[in-house]
1. Of the residues 150, 186, which is modelled with pLDDT of 95 or more and in contact with a strand residue (DSSP E or B) (Cβ under 8 Å, 6 or more places away or on another chain)?
2. So which of 165, 200, 211 ends up being in contact with a helix residue (DSSP H, G or I) (Cβ under 9 Å, 6 or more places away or on another chain) and over 23 Å from residue 100 (Cα atoms)?
3. Look through 96, 84, 64 and report the one residue that is assigned by TED's automatic domain parsing to the domain that holds residue 272, on the phi > 0 side of the Ramachandran plot and at pLDDT below 95.
4. Would you mind telling me which numbered condition in (1) touching a residue at least 40 places away in the same chain (Cβ under 8 Å); (2) more than 16 Å from ligand 1 (Cβ to nearest atom); (3) more than 20 Å from residue 378 (Cα to Cα); (4) not in a strand (DSSP E or B) residue 333 fails?
5. For segment 187-197, what are the residues that are surrounded by fewer than 24 Cβ atoms within 10 Å (Cβ to Cβ) and in contact with a helix residue (DSSP H, G or I) (Cβ under 7 Å, 6 or more places away or on another chain)?
6. For segment 129-141, check the following and say yes or no: at least one residue is away from ligand 2 (no atom under 16 Å from the Cβ) and in contact (Cβ under 8 Å) with a residue 12 or more places away in the chain.
7. Answer with yes or no whether residue 122 is touching a strand residue (DSSP E or B) at 6+ places or on another chain (Cβ under 9 Å), crowded, with 18+ Cβ neighbours inside 10 Å, assigned by TED's automatic domain parsing to the domain that holds residue 198 and under 26 Å from residue 246 (Cα atoms).
Ligand SMILES: Nc1ncnc2c1ncn2[C@@H]1O[C@H](COP(=O)(O)OP(=O)(O)OP(=O)(O)O)[C@@H](O)[C@H]1O
Ligand SMILES: [Mg+2]
Ligand SMILES: [Zn+2]
């Protein structure tokens, strides 16, 4: 094949480059460019050939007359919620996640749940032998479910099998193990992953099947990451979890059929993934008196309130450049809060290593966590614990002002339900009534003042 038929494809993001380079300019990853046969569309002449046999385009009305197909609820409500209330026929979902987080477990449980409801379910694995999956099914008490299992990586064979079976749900674990003949590249490369995903999605759209693809998250660029297929599918769901913790969180990052702010919470046990319908208390750590540097954030994930402990540590730094280490929050956001505390309250963290951690392996994206982070940092610096039974929330502006956060009622109700008696919150409407005592904080300096060590505060309660 002529050299011009080859391009360099980034295995992390799928960007195509005419020349090799150490770094992909599209996504910034290093050593991810791999030489591959050029995709059809960039081979000169392919377009002209396609044009010649094109047929006339037929337009239809937006209104249409077909009823939208009913969603298929799996019965695993944490999963259904993240998908926007069940699975949509003729749609494709990508489930991504780190190795060992529990993707196969979740999908085998999903397969079994739908099969038990009478759906025809195909589970295709390219990662494991049939016996391994059967073994897992036994452990998950799912062997009774009528799931059609196949261990195969040849896309042609898989599609042929699916055409005969006519399944309602197809699970492919994982997209990176499949290969299509006619694509001149190894399994797992961008070219293969893209081609296989494309064919499978087409099958789903044509037959009305629901397609769930597993995608491994990889950083070394040896195999293509889920980013490559993200735009081909209707929904992208990530399965997350902290090593050593049993909690697993399902989060939609893209959904053509529902919102993306809902999370699903599971616990991984011997019997598989167990749903956690009321996750609010899960991320609180142990109850009672909290140490200095800990603040409870009254958060909202999607439609549900979630209370979570935020822990900060400000230790004297041994190095010239102090460390900033963060788990579960955004590093740019932490830098901003530190700058606001320094500029608006005169609290300096220079010369101190700052560690910030969100308990339970949750990752917080809400701006309303700002005030809780600020409270944890102040408390870490002064070595003075926060008031007892107190929750905190509110967004911090660069000016130091505290902006209101939505869903105040939901946050405070949940806090009261879990035994908290007071809150540090943004300014509220005059005369508003709450289930607990609310101290309104309108500026970051007010927070610092509220948390200042009182002259020998007596333990009153
Ligand atoms: N006997 C067991 N008891 C309890 N938990 C188990 C048991 N066997 C496996 N697990 C849990 O299941 C997890 C692996 O789950 P699973 O194979 O579904 O993950 P995965 O995301 O599909 O992994 P991979 O990336 O290897 O495909 C393990 O990390 C462990 O937490
Ligand atoms: Mg797996
Ligand atoms: Zn890239």
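1. Details: 186 fails: modelled with pLDDT of 95 or more.
Result of the check over 150, 186: 150.
2. Details: 165 fails: in contact with a helix residue (DSSP H, G or I) (Cβ under 9 Å, 6 or more places away or on another chain); 211 fails: over 23 Å from residue 100 (Cα atoms).
That would be 200, the only listed residue that is in contact with a helix residue (DSSP H, G or I) (Cβ under 9 Å, 6 or more places away or on another chain) and over 23 Å from residue 100 (Cα atoms).
3. Details: 96 fails: on the phi > 0 side of the Ramachandran plot; 64 fails: assigned by TED's automatic domain parsing to the domain that holds residue 272.
Of the residues listed, the single one that is assigned by TED's automatic domain parsing to the domain that holds residue 272, on the phi > 0 side of the Ramachandran plot and at pLDDT below 95 is 84.
4. Residue 333 satisfies all of (1) touching a residue at least 40 places away in the same chain (Cβ under 8 Å); (2) more than 16 Å from ligand 1 (Cβ to nearest atom); (3) more than 20 Å from residue 378 (Cα to Cα); (4) not in a strand (DSSP E or B) except (3).
5. 187, 188, 194
6. yes
7. Details: touching a strand residue (DSSP E or B) at 6+ places or on another chain (Cβ under 9 Å): yes; crowded, with 18+ Cβ neighbours inside 10 Å: yes; assigned by TED's automatic domain parsing to the domain that holds residue 198: yes; under 26 Å from residue 246 (Cα atoms): no.
When the stated conditions are applied, residue 122 does not pass them.
Residue-by-condition table, conditions (1) more than 26 Å from residue 129 (Cα to Cα); (2) modelled with pLDDT of 95 or more:
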| site | (1), (2) |
| --- | --- |
| 182 | no, no |
| 200 | no, yes |
| 219 | no, no |
| 232 | yes, no |
| 237 | no, no |
| 247 | yes, no |
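The values are calculated or read from the model by the stated rules, or taken from the named source; none is laboratory data. Please read all numbers here as calculations on a predicted model, not as lab measurements. With ideal geometry, Cβ positions are generated from the backbone for all residues, glycine too; neighbour counts draw on all protein chains shown.
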